[in-house]
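Notes for the one structure printed next.
The values are calculated or read from the model by the stated rules, or taken from the named source; none is laboratory data. Because the structure is a prediction, the values reported are computed rather than measured. Heads up, the Cβs are rebuilt from the backbone with ideal geometry, glycines too, and the neighbour counts pull from every protein chain shown. Note: accessible area is taken over every heavy atom of the protein model, side chains too, but ligands, DNA and RNA are not part of it. Shrake-Rupley method; radii C 1.70, N 1.55, O 1.52, S 1.80 Å.
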Amino acid sequence: LENLQPEIKELAKRLRYEVSVRGKQLGWSEKVARFHFAKNMRRIVTELYVRDNCHPFKATLLLWVQVPMWVCVSLALRNCSVGALGSAVQEQFSSGGALWFTDLTAPDSTWILPISLGLVNLLVVEV
């Protein structure tokens with residue numbers, strides 16, 4: 001999308017001139033000229049998106065998948081940690097940790113997991 005901006009600006013400049021000339025020939029008002037400019041500009045930009053296969057919706061597609069997934073995983077982990085799924089699950093979480101986190105129901109006092117999760121998420125977003 002960024003690579004198309006100079007081409008879009010140049011095409012907008014040329015189209016604005018053409019609409020202005022055509023509007024003066026046909027006696028269009030300013031409102032009608034703006035309408036024709038906007039309509040043709042949308043068509044031109046859409047053709048450029050199709051030509052270069054870079055529709056703006058594609059940039060947000062990951063977000064539409066990632067946000068619901070994050071909400072579901074967060075709710076599932078919360079339900080597991082507070083014992084909403086039953087005492088058997090709560091008991092398994094309180095004795096099933098590894099390394100420095102032996103109790104999965106207790107808060108992480110070292111902040112290793114929250115910081116590493118945040119860094120991994122930042123890495124995923126930046127890549």
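Some observations on this one:
- With respect to being out of contact with any Ser or Thr (no Cβ under 9 Å at 6 or more places or on another chain) and open to solvent by less than 100 Å² (accessible area, probe 1.4 Å), L77 falls outside the description.
- Residue within segment 39-53 that is within 25 Å of L122 (Cα to Cα), of a type in the set (D, E, K, R) and part of a helix (DSSP H, G or I) present: no
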